[in-house]
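Here's the structure, in structure tokens; my notes come after.
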Amino acid sequence: METLERIVADHSFARGLNARHLELLAGCASNVRFAANQVAFREGEEANEFYLIREGKMAVELHAPERGSINILTVGEGEVLGWSWLIPPYRWSFDARAIEPTRAVALNGKCLREKSERDSELGYQLHKRIAQIMEERLQATRLQLLNLYEIHA
Amino acid sequence: MLEAPRVPASPHPMVPQPWCVRRSWWETEDTFSFSMEPHHGSPTFQFSPGQFNMLYVFGVGEIPISISGDQAKGETLVHTVRAVGATTRAIGSLQPGAQLGVRGPFGSSWPVRQAMGKDLVIVAGGIGLAPLRPVVYEVLASRPKFGRVCLLYGTRTPDDILYTKELQKWSKGADLQTLVTVDRAGQDWTGNVGVVTTLIAKAEFDPDHASAMVCGPEVMMRFTIRELEKLGMRSDNIHISMERNMKCAVGFCGHCQFGPTFICKDGPIFRYDRIRHLLAIREM
């Protein structure tokens, strides 16, 4: 049987973590499933978890009056959903909804924050990984904003 | 090395040959494809993936358009055009049987044969899929000669996706890993949302043993190359299609001069390591 520690270790987010840190991570982890269309979290709610996607696809959405939910980004297998658990005031900035049946590992952010306060090396490893994801998403968002496929006179 | 350009079929490269529109169809709200056949007595020609023709709407204007059809489909030529100006709109309004002047085929081509025996990553943005579609046809026609092949395609919205039926067919088969993403979408879209570079991490290929062919807006190509190089792909294994204002198509007029090269006759397909220094010069 696959242990939670093994599942966490197999995810790209955990690549390069040592055994002690993997154990600490797994201690804050649980398996979760989302049915298609199920909402994982909503903007403004407390952000106490983040997700390592194992299978399926989640949409990060923003609700705008008269436009409904706008799909900003999709996150799939091998990717990470959510970093608001790491940054005060620990509230989600967007909605997240499964657009197909999705399996993930939920990591309890509160638990990880407490462990990181005691183990600064773990905190550094987590921040390093989240910073990398933030950089990739920022670059992607900048490209999206350029509206590259429009014809520019 | 790029595959050698084929010699234009016209007796003189500056003299358009009459071809007739066979049929045309809209791919999206602003982009259409159309097929042509040679007017009685006009010579037909072979082309290589990535090459383009100069299409002349009599009395309106002449523009360079990449060939988007299948070389194996006999004597018809297919082009895909985004209707954004006077000439492209005029082409879009041509009825079956209407005549069009054709000069070509011109330019260098995608190095499909050199990619054999390796993995192949095809990355297209927007209408950049059109000049890459003949590559897909050639690859699928000789599929066992290639390793893993992935087609990564990004566009604005789900409504802007070109060749929808073919993409669906390719994504269901095992021959081609086909990944599509859009920059923005509503709740009814169940595919990927994000720029095309986000698909690179999902593509299955060995960067040490792969070729890449990239076509799209220049900024998109730059960021795509950055991601490919991050994975360890060598710049001499990456080819891109450049676009500049082409007029004569044979290197006489200089409109498409790009440093010491002319996009029309030395390109439009270039090996990335040979022009990367030119891409860094902002004045060009």
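The values are calculated or read from the model by the stated rules, or taken from the named source; none is laboratory data. As the structure is a computational prediction, the values presented were derived from the model and not from experiment. Ideal geometry is used to build each Cβ from the backbone, glycine not excepted, and the neighbour counts take in all protein chains shown.
Step by step: first the residues of the range B:169-196, then only those that are charged (D, E, K, R) and more than 9 Å from every other protein chain (Cβ to nearest Cβ), then the one that is farthest from B:V139 (Cα to Cα). Which residue is that?
Per the stated criteria, the residue is B:D188.
Say whether the condition of being modelled with pLDDT of 95 or more, of a type in the set (A, V, I, L, M) and touching a Lys or Arg at 6+ places or on another chain (Cβ under 9 Å) is met by at least one residue in the range A:61-71.
There is no residue in the range A:61-71 that is modelled with pLDDT of 95 or more, of a type in the set (A, V, I, L, M) and touching a Lys or Arg at 6+ places or on another chain (Cβ under 9 Å).
Would you be able to say whether some residue in the range B:132-145 is in contact with a Lys or Arg (Cβ under 8 Å, 6 or more places away or on another chain) and either within 13 Å of B:A212 (Cα to Cα) or not hydroxyl-bearing (S, T, Y) (or both)?
The answer is no, given that none of the residues of the range B:132-145 is in contact with a Lys or Arg (Cβ under 8 Å, 6 or more places away or on another chain) and either within 13 Å of B:A212 (Cα to Cα) or not hydroxyl-bearing (S, T, Y) (or both).
Among the numbered criteria (1) at pLDDT 95 or above; (2) part of a helix (DSSP H, G or I); (3) among the basic types (K, R), which one does A:R97 miss?
Of the numbered conditions (1) at pLDDT 95 or above; (2) part of a helix (DSSP H, G or I); (3) among the basic types (K, R), the odd one out for A:R97 is (2).
Any residue in the range A:81-92 that is of a type in the set (S, T, N, Q) sitting within a Cβ distance under 9 Å of a residue that is part of a loop (DSSP other than H, G, I, E, B)? List the pairs, counting only those 6 or more apart or interchain.
Close Cβ pairs (under 9 Å, with a partner that is part of a loop (DSSP other than H, G, I, E, B)) amount to A:S84/A:A47; A:S84/A:Y90; A:S84/A:W92; A:S84/A:S93; A:S84/A:F94.
Picking from A:F34, A:F41, which residue would you name as being at pLDDT 95 or above, over 19 Å from A:A14 (Cβ atoms), within 12 Å of the chain's Cα centre (by Cα) and surrounded by 14 or more Cβ atoms within 10 Å (Cβ to Cβ)?
Just a single option satisfies the conditions, and that option is A:F41.
Quick one: is A:N147 at pLDDT below 95, within 13 Å of another protein chain (Cβ to nearest Cβ) and at positive phi?
yes
Limited to the range B:197-212, what total is found for residues that are crowded, with 16+ Cβ neighbours inside 10 Å, part of a helix (DSSP H, G or I) and within 14 Å of chain A (Cβ to nearest Cβ)?
Number satisfying all stated conditions: 5.
Quick one: how many residues across the range B:147-176 are of a type outside the set (A, V, I, L, M), surrounded by fewer than 21 Cβ atoms within 10 Å (Cβ to Cβ) and under 25 Å from B:A115 (Cβ atoms)?
Residues meeting the conditions: 11.
Restricting attention to the range B:207-245, which residues are more than 25 Å from B:F106 (Cβ to Cβ) and either small (G, A, S) or more than 21 Å from the chain's Cα centre (by Cα) (or both)?
Within the range B:207-245, B:P207, B:D208, B:H209, B:A210, B:E229, B:K230, B:L231, B:G232, B:M233, B:R234, B:S235 meet the criteria.
Test A:E135 against the criterion of being closer than 27 Å to B:I225 by Cα, within 13 Å of chain B (Cβ to nearest Cβ) and surrounded by fewer than 12 Cβ atoms within 10 Å (Cβ to Cβ), and give yes or no.
The answer is yes for A:E135.
Quick one: B:Y163 ticks every box in (1) at the interface with chain A (Cβ under 10 Å from one of its Cβ atoms); (2) under 15 Å from B:V135 (Cβ atoms) bar one, so which box is it?
All conditions pass for B:Y163, except number (1).
Pairs needed: first member in the range A:21-32, more than 17 Å from A:R103 (Cβ to Cβ); second member anywhere, among the polar types (S, T, N, Q) and surrounded by 14 or more Cβ atoms within 10 Å (Cβ to Cβ); C-beta distance under 8 Å; at least 6 residues apart or different chains.
A:H21/A:Q125; A:C28/A:N108
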